[in-house]
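What follows is calculated from the coordinates using simple rules that are stated; it is not laboratory data. Just so it is clear, the structure is predicted and the values come from calculations on it, not from any experiment. All Cβ positions, glycine included, derive from the backbone under ideal geometry; neighbour counts span all protein chains shown.
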Amino acid sequence: MQATQVKRVALAYSGGLDTTVMVYWLREKFGCEVVAYCADLGQEEELASVRQRALKIGVKKVIIEDLRNEFIKDYIWPSLAANALYEGQYPMATSLGRPLIAKRLIDVAKKYHCDAVAHGSTGKGNDQVRFEVSFRALAPEIKVLAPVRTWEFKTRDEEIEYAEKMRIPITVSKKKPYSLDRNLWGLSCECGVLEDPNAEPPEDIHKLTTDPLRAPAKPQYLTLSFKRGIPYALNGKTMPAYKLITTVEKLAGRHGVGRIDMVENRLVGIKSRETYEAPAAVVFHLAHRALEAMCLDRETAHYKDILSLRYADLVYYGHWFSPLRRALDAFNADTQQVVNGDVRIKLYRGSATVVGRTSPTSLYSLKLATYDKGDKFDQKLAEGFNRLWGLPLEVAGIRDRKGRV
């Protein structure tokens, strides 16, 4: 693409190292105007200096948009309803945020008559796919610039040196070269010493959680209330969704809950060591699954476990805007009609444990489950059930024994 073809670019701007350097680089290499777009997904203090930093490096138009409520309602809650954890652990805070940012960046590009959109993802990362697949789903005609894949910098240290040379304000250094991405649902951290899967993560990377060894010695209990699969109250007090998530994040983080250290399979085919902090997400997922175990029948629950894996893959792989994801959302929404009640969680030095649950739509029957007085389960029926249940195995066993010497 020639520089003359691009006069104005809408950039997904985070204020981090890559996109901060990128603003200056785009202006220098393309001679184009940059519209910096930053979505507020609950990253809090990271937003404080974004506008100032962008203006200081020559951005004429900086857009910071509060998308927290949309992020919760249309992305976080559906993923919670799906019990979507990539490879069984990662709540996918970053993965969920990218399609929303992509959608709004396309809107900004159209509004300000931009020739292209740009992102700061690397050629070996997941986010490049999430952004570009979403761009193609929403506006296949738009040009996409991915400078990190083509520019002259081979390492983050070279970017830092370039920024220092050009006096570009950045928030990382060679001593702490970590790449951080935070939103309301969690924080991801990579690069530096973390690239060694055998190295223990240094304590200074953790922003949301207390070292479990230094967490309070006394456990804390909290109760989460759900209606149709959506959490709405903490300890009996109804809260707006944003406040509910941030309150649980602080409580769980104070007790060291929410640290995830995993080697995961990136969608581009390589394995990567990733560390995450997701105090609220870990607690909400734990509570939600516990309540579903009370309220969903066995066949629906087991089938939903299969679909949860597929849903997580779709989100992680950048296929948020796919027909399959919409169809799965419809299935999950139907299952959530009976997921109502309270779940009590114990927080203690890095662990979150379900210690109680109640539901007005529960399928649990004490009269059927108890071995004490009040037992209404007719055990005489078990003999016939067992014979019928095992009949296929009995028939197969007879056949196989006949073939033996």
Dividing the alpha-carbon Rg of the range 265-307 by 2.2 N^0.38 Å yields what?
1.62
Between beta-carbons, use under 11 Å as the cut-off and find the net charge around A10, counting Lys and Arg +1, Asp and Glu -1.
+3
Exposure proxy order (Cβ contacts within 10 Å, fewest to most) of V263, V59:
V263, V59
At a Cα cut-off below 21 Å, give the lysines reachable from K237, other chains included and same-chain residues fewer than 8 away excluded.
K73, K227, K250, K346
A correct Karplus calculation of ³J(HN,Hα) over the range 313-324, with 6.51 cos²θ - 1.76 cosθ + 1.60, θ = phi - 60°, whole Hz and x for Gly and Pro, returns 4, 4, 5, 4, 7, x, 9, 4, 8, 8, x, 5
Say we join alpha carbon atoms closer than 10 Å with springs in a Gaussian network model of the chain; which of L391, L55, L307 then has the biggest fluctuation?
L391
Theoretical gain in end-to-end length, S322 to I398 [0.36 nm per residue, Cα-Cα removed]:
22.4 nm
Under the Karplus curve 6.51 cos²θ - 1.76 cosθ + 1.60, θ = phi - 60°, whole-Hz ³J(HN,Hα) for the range 155-163, x wherever Gly or Pro sits
9, 5, 4, 5, 5, 4, 4, 5, 4
Lysines within cross-link reach of K376: Cα-Cα under 22 Å, excluding same-chain residues under 8 positions apart?
K367
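Pop the C-beta distance of R298 and S351 into the FRET formula with R0 = 25 Å and round what comes out to the nearest 0.05.
Efficiency for this residue pair is about 0.35.
For the chain, what does the convex hull of the Cα positions come to per residue, in cubic angstrom?
213 Å³
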Tally the DSSP beta bridges in the chain and give the antiparallel ones as a percent, rounded to 5.
70 percent
Compute the long axis of helix 279-295 from its Cα atoms, compare it with the longest principal axis of the Cα atoms of the chain, and write down the angle in degrees, 0 to 90, nearest 10.
30 degrees
Amide H to amide H, which residues 5 or more places from F321 or on other chains are under 5 Å from it, using H placed in the peptide plane?
none
What FRET efficiency comes out for E164 versus Q220 if R0 is 30 angstrom and r is the Cβ-Cβ distance? Round to the nearest 0.05.
0.10
Ranked from fewest to most other Cβ atoms within 10 Å of their own Cβ, E277, E44, E264 fall in the order E44, E264, E277
Please list, in order along the range 137-148, the HN-Hα scalar couplings obtained from phi with the Karplus expression 6.51 cos²θ - 1.76 cosθ + 1.60 (θ = phi - 60°), rounded to whole Hz, x for Gly and Pro.
5, 9, 8, x, 7, 7, 6, 10, 10, 10, x, 4
